[in-house]
Amino acid sequence: MKIKNWDMFAFVVAYHIALIALLPAFISVFSWSAIALFLITYIMGGMSITVGYHRMYSHKAYSANAFFEWCVLLSSALAFEMSALKWSHDHRVHHNHVDTDKDPYSIKKGFWYAHILWLFDYKRDFDKSLVADLMKNPRVMLQDKHYGKFLLGVNFAVFLLGWAITGSALASFYMGFLMRMAMIHHCTWFINSLCHTYGSKTYARELSAVDNAILATLTFGEGYHNYHHAFAADYRNGIRWYHFDPSKWTIWLASKLGLVKNLRVINEITVQKSLVSKDKKMILDHISHEMDDCATELKAKLEELSATFEEKAAALMAKARELKKASDDQKVHLQQEIKSLRASLKETWDEWVEVTRNAAKQYEFAH
């Protein structure tokens, strides 16, 4: 790899050297207020990327009022990750070309390339059509035009505030700037590297993206990356009640406060239909050359179950649409029908899961 972005390379190397060189000096002025400063700025900067840059601007998973947008655009200066316009442009390129040579941080080029080396190699071929919606947003364009001023203004103000709180300019600079920036950067980069390497592929097994619950804890819910790549328009990354996704909770709370609206959600039936379709194709491709009785029986069972699931899912969704238009007298009967259809669909889904898991064990492929 030839380094193309020497300015980026110099900046990243310099602040990592400063982190190591200044550590003994910071230890001598250590305080819990410095730790608190780090945590607060880390959360604000990190959440501005996950909630704002990623889910709002890059994927349009919801829309926000001007106040909420300004909160994102200002606090994003704590992350040092480019303007919202450029960040979203690169991320949309990533999703459009994931796992190919056109992917800016493709894991196919290696773990460390996806993690950090791409920053020094990448030359942005800015495609206006890819972010035409954002270029109509005056707040996004203002931040992009004056991004350097945003960085200096916000970070200098935080440094002064941190100095006043901790009583030490060094502690403020080290924990409120260097450590905070490094932590946000590496956690963001781990999504590109670790979350395309170690974890489970529950929703899109054909992609390199994986779900990693440990990384979700460090990245405010972004670790559920396989689901995200399968259903990028969903404002949630962690869809289960037990998934740690504070970005999702923040967006939901903001919607209740009237700050955001139009939250996009992929319903469970749509997710299951997608899984049935993908599982069926994957398994049939895997056993296409198998000619034994077990393989023949499995092929027939997969076809039967997938057709049954599609039929029941279609019926359930049709009844759900009827319910929205039904009169009060009709609703009671329709609700009973929907409950029965849901139970029947669950039986088929449970059978599908059992059949595909047994197939994975028998024919030794990942599931």
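Read-outs throughout are calculated quantities, based only on the coordinates presented, and are distinct from any laboratory measurement. Note that the structure is predicted; figures quoted are calculated from it, not measured. Positions of Cβ are backbone-derived with ideal geometry, glycine not excepted, and every protein chain shown enters the neighbour counts.
Relative to the dominant Cα principal axis of the chain, helix 328-363 is inclined by about 80°. Sorted largest first, the principal axis extents computed over the alpha-carbon atoms of the range 268-363 equal 55, 17, 17 Å.
Placing a label point 7 Å from the Cα of Val29 along the Cα-to-Cβ direction, the residues of the range 169-186 whose backbone N falls under 16 Å of that point are 169-180. Multiplying the residue separation of Lys4 and Gln336 by 0.36 nm and removing their Cα-Cα distance gives an extension gain of 113.1 nm.
For the chain, the longest principal axis of the C-alpha atoms and the axis of helix 32-47 are separated by about 50°.
Straight-line cross-link reach from Lys2 at under 15 Å between alpha-carbon atoms covers these aspartates and glutamates, not counting any fewer than eight positions away in the same chain: Asp121. Of the three principal axes defined by the Cα atoms of the chain, the extents in descending order read 71, 55, 43 Å. Taking the range 16-60 and a reference point 7 angstrom along Cα→Cβ of Tyr122, the backbone N atoms nearer than 20 Å belong to 16, 45-60. Report the paramagnetic label zone for Leu151: residues of the range 1-43 whose backbone N is under 15 Å from a point 7 Å from Cα along the Cα-to-Cβ axis. Backbone N within reach: 5-16.
Looking at the range 65-144, what % of the alpha carbon pairs are farther apart than 19 Å?
Percent of Cα pairs beyond 19 Å in the range 65-144: 43.
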